[in-house]
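I have placed the structure first, in the form of structure tokens, so that the comments after it can refer back to it.
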Amino acid sequence: QVHLVESGGGLVQPGGSLRLSCAASGITFSLYAMGWYRQAPGKQRELVAGITNGDNTNYADSVKGRFTISRDNAKNTVYLQMNNLKPEDTAVYYCNAKFASLTYWGQGTQITVSS
């Protein structure tokens, strides 16, 4: 059974930092492209950052220069380092794993950026 478990969410002040982690089990992690998505209330889920199995990365324009995605295949974990957080970053953040036709999602973790 596949599990993607996110951690690291919470409440942070504007300008602050957080690091999200997503620990995967039940998949051959090194084969999968991994991504972080987010969904704010009343909005569609959107891609925040992705990393391929070859460590190529891509980012939403809104987070470029502030967020960094990375992966540790030895730990089956993908990370999202988020710096200079803004109130508009407030959302539920989801981990995603993709390989061929297979797609898996985590349960999500809430990030709230507020003073």
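All told, L80 meets the bar of being under 19 Å from Q13 (Cα atoms), part of a strand (DSSP E or B) and open to solvent by less than 50 Å² (accessible area, probe 1.4 Å). Quick check on L85: is it buried (at least 18 other Cβ atoms within 10 Å of the Cβ), assigned to a loop (DSSP other than H, G, I, E, B) and in contact with a strand residue (DSSP E or B) (Cβ under 9 Å, 6 or more places away or on another chain)? In short, yes. Close contacts from segment 47-69, counting a first residue that is on the phi > 0 side of the Ramachandran plot and a second that is at pLDDT 95 or above and among the aromatic types (F, W, Y), with Cβ to Cβ under 9 Å and a gap of 6+ residues or different chains, come to G65/Y59. Summed over segment 4-38, the residues that are in a loop (DSSP other than H, G, I, E, B) and over 14 Å from W105 (Cβ atoms) give a count of 8. Please tell me if D61 is over 14 Å from the mean Cα position of the chain (by Cα), surrounded by fewer than 17 Cβ atoms within 10 Å (Cβ to Cβ) and farther than 21 Å from L11 by Cα. Here the answer is yes, as D61 does meet what is asked. Evaluation of N96 against the conditions (1) in a strand (DSSP E or B); (2) open to solvent by 20 Å² or more (accessible area, probe 1.4 Å); (3) of a type in the set (S, T, N, Q) shows that the sole unmet condition is (2). Say whether the condition of being at pLDDT below 95, open to solvent by less than 40 Å² (accessible area, probe 1.4 Å) and within 16 Å of Y94 (Cα to Cα) is met by at least one residue in segment 21-34. No - not one qualifying residue is present in segment 21-34. Can we say Y37 is of a type in the set (S, T, Y), open to solvent by less than 60 Å² (accessible area, probe 1.4 Å) and at pLDDT 95 or above? So Y37 passes the test. All of T103, T68 fail the test of being at pLDDT 95 or above, part of a strand (DSSP E or B), open to solvent by 30 Å² or more (accessible area, probe 1.4 Å) and out of contact with any strand residue (DSSP E or B) (no Cβ under 6 Å at 6 or more places or on another chain), apart from T103. Sort out which residues of segment 39-56 are in a strand (DSSP E or B) and touching a helix residue (DSSP H, G or I) at 6+ places or on another chain (Cβ under 8 Å), and write them in order of number. Selection gives V48, A49.
The values are calculated or read from the model by the stated rules, or taken from the named source; none is laboratory data. Just so we're clear, the structure is a prediction, and the values are computed from it rather than from any experiment. Reconstructed Cβ throughout: ideal geometry from the backbone, glycine too, with neighbour counts over all protein chains shown. Just the protein is used for accessible areas: all its heavy atoms, side chains included, with ligands, DNA and RNA removed. Shrake-Rupley method; radii C 1.70, N 1.55, O 1.52, S 1.80 Å.
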